[in-house]
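J.: My structure is below; once you've seen it, I'll send some questions.
The values are calculated or read from the model by the stated rules, or taken from the named source; none is laboratory data. All of these numbers come straight from a predicted model, not from anything done at the bench. Neighbour counts are summed over all protein chains in view; Cβ atoms, including those assigned to glycine, are modelled from backbone coordinates with ideal geometry.
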């Protein structure tokens, strides 16, 4: 079960990045081009948020139920996990930053939907989606730096 959820979590990151980059591009071009906020802009924001929520759900399942680096690590190792860089990354830093990224993306979508002016809609979406994507990019365990964490898990 752990392997299956980990593979899904690993592959879903690519959806998050794809939808996030497209939503960010649409928001930036809409803001700078002063164009109307279309259904496609709204839909891409929804796809980004939906993929973020799916990714967070899979991550929480791993963290609270299946992963040896989640809550189980705190229960067994206590404070010692904070002295281990890998344990601290998975047990605290990764999950905290990713939850903040989901919150930022959701705030951006909510504020952009509530704004009256289309240019302001795009601007708010761009700023908050950018914050979310930066957090995601910083906290993805890229396999380039750690060959034990492949970019494409099979």
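J.: Return the only residue of 116, 125, 97 being part of a loop (DSSP other than H, G, I, E, B) and modelled with pLDDT of 80 or more.
T.: Of 116, 125, 97, the one residue that is part of a loop (DSSP other than H, G, I, E, B) and modelled with pLDDT of 80 or more is 116.
J.: Could you list all residues from segment 33-49 that are part of a helix (DSSP H, G or I) and touching a helix residue (DSSP H, G or I) at 6+ places or on another chain (Cβ under 8 Å)?
T.: Scanning segment 33-49 gives 40, 41, 42, 44, 45, 46, 47, 48, 49.
J.: Output the number of the condition that residue 64 fails; it satisfies all remaining conditions of (1) loosely packed, with under 14 Cβ neighbours inside 10 Å; (2) not in a helix (DSSP H, G or I).
T.: (2)
J.: For segment 41-64, does any single residue satisfy the condition of being over 27 Å from residue 110 (Cα atoms) and modelled with pLDDT under 85?
T.: No: segment 41-64 contains no residue that is over 27 Å from residue 110 (Cα atoms) and modelled with pLDDT under 85.
J.: Which residues, counting only those in segment 1-33, are at pLDDT 95 or above and surrounded by fewer than 15 Cβ atoms within 10 Å (Cβ to Cβ)?
T.: 18, 21, 25, 29, 32, 33
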